[in-house]
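Reviewing the structure listed below.
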Ligand SMILES: Nc1nc2c(ncn2[C@@H]2O[C@H](COP(=O)(O)OP(=O)(O)OP(=O)(O)O)[C@@H](O)[C@H]2O)c(=O)[nH]1
Ligand SMILES: [Mg+2]
């Protein structure tokens, strides 16, 4: 097993909202999720970053010494490194040195299964590496194997700058084809008139476990971070008989590398189509507020912060401290408290979804004038038609459909609502 010395960094001149111990513990979780052993963990606080090594020269010597003593293969920094810093550090430490972004990209590489997932990850990797290529070659050739050096599915990464550019172009055009396929599927779903619910949240919050519990599916779950890269959508019937489609999504992380957000935008943009978001939060984790904030930041970046949402406080079975739970219930007023694992209060969540959608679904009686017969056709495809009468002044239709969809179809005001 590859073993790494971890270096958690706090730079005082940079504003950080996460406490040092949270940065450190998350780095350890990421490293374990990448299948790497921890040979040692140093914490380093400095006033401002140094251009050459990020940290002071004395600290670099300390890292080099610990890595040698522990016979570590790799050194992993919690803070991003420039190409120059990375090269300089490797020069002194004499070991492969990578940053948090590379670590996360490595985890994504291992997890990507679908052709689209693999393409997205490879694109993110190459875009990260391109500015770090030195001359014609790449640092990777020096680094040997292991973490931070592989592409999706353990494929060897391209090493030549020109080839990398060419490959990036190819990956982008492949992604465009995946996107147009996805658009066709979305259109079909829209025509089927079922509302879409998206489960979103921090990695490991329990989104896939919740999807499985609600729909009886068997999406893989694990305590490792970023288990789901290929989200699944399933149908779910609510208590009031309303069918919805419920979708799992890729988990979020604080300071998620920009290249990954860019690459996964297409998948995440599906969230844009959602009628309702369910924020899944792990209430047993002390960092729950930090997690919530990170999720909101990513949604902001995607322009999705205005979506209607329900909050699900998951993993309540793990909370022993009742006063902490009461505090959180107050802080997240309106949230549904549940356990996807034990099934506790699934009915509460289903009921809340039902209440939300029943307010959105309209039972209407409308009159379509003879001059707009194409609308009757559209209503047939998109609404549940209960009754239809052919009258002198037009066609009277009793129907049931999402109000927003009706408003969209009737944006020119041809149809008159009778009741
Ligand atoms: N005790 C307990 N564990 C849970 C609960 N929900 C999920 N878990 C566990 O939490 C871990 C993560 O669950 P996942 O469903 O994979 O989480 P996720 O949000 O889909 O994670 P990513 O796919 O990585 O974004 C797994 O080990 C689950 O068994 C819960 O309600 N109670
Ligand atoms: Mg998952």
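Computed from the coordinates by the stated procedures, all read-outs in this text should not be read as laboratory data. Quick caveat, the model's predicted, so the values are computed rather than measured. Every residue, glycine as well, gets a Cβ built from its backbone with ideal geometry; the counts of neighbours run over all protein chains shown.
Points to keep in mind about this one:
- Crossing angle, helix 322-331 versus the chain [Cα axis fit, 0-90 degrees, rounded to tens]: 60 degrees
- Max mean-square fluctuation residue, GNM over the chain, Cα-Cα springs under 10 Å, options 171, 338, 318: 318
- Overall form of region 224-362 per C-alpha gyration tensor (a/c, 1.5; a/b vs b/c): oblate
- Listed residues 375, 299, 277, most fluctuating in the chain (Gaussian network, C-alpha, under 10 Å): 375
- Unit Cα scatterers, Debye sum, region 3-100: log10 I(q)/I(0) for q = 0.13, 0.18, 0.23, 0.25 Å⁻¹: -0.39, -0.77, -1.28, -1.47
- Axis angle, to the nearest 10 degrees, between helix 346-360 and the longest C-alpha principal axis of the chain: 50 degrees.
- As a proxy for reagent exposure, 233, 82, 180, 8 were ordered by neighbouring Cβ count within 10 angstrom, fewest first; the result is 180, 82, 233, 8.
- Radius, Kirkwood style, for region 268-334 when every pair of distinct Cα atoms is counted (Å): 12.9 Å
- DSSP bridge analysis restricted to region 194-344 gives an antiparallel fraction near 25%, rounded to the nearest 5.
- On Cα atoms only, tilt of 83-93 relative to the major axis of the chain in degrees: 40 degrees
- Looking at the chain alone, DSSP beta bridges between its own residues are antiparallel in about 40 percent of cases.
- Just checking the listed ones, 252, 108, 178: in the Gaussian network model of the chain with Cα springs under 10 Å, the one fluctuating most is 178.
- Converting the Cα gyration tensor eigenvalues of region 361-417 into ellipsoid dimensions via √(5λ) gives semi-axes, longest first, of 16, 13, 9 Å.
- Orientation-averaged projected area, Cα convex hull of the chain (nm²): 23.8 nm²
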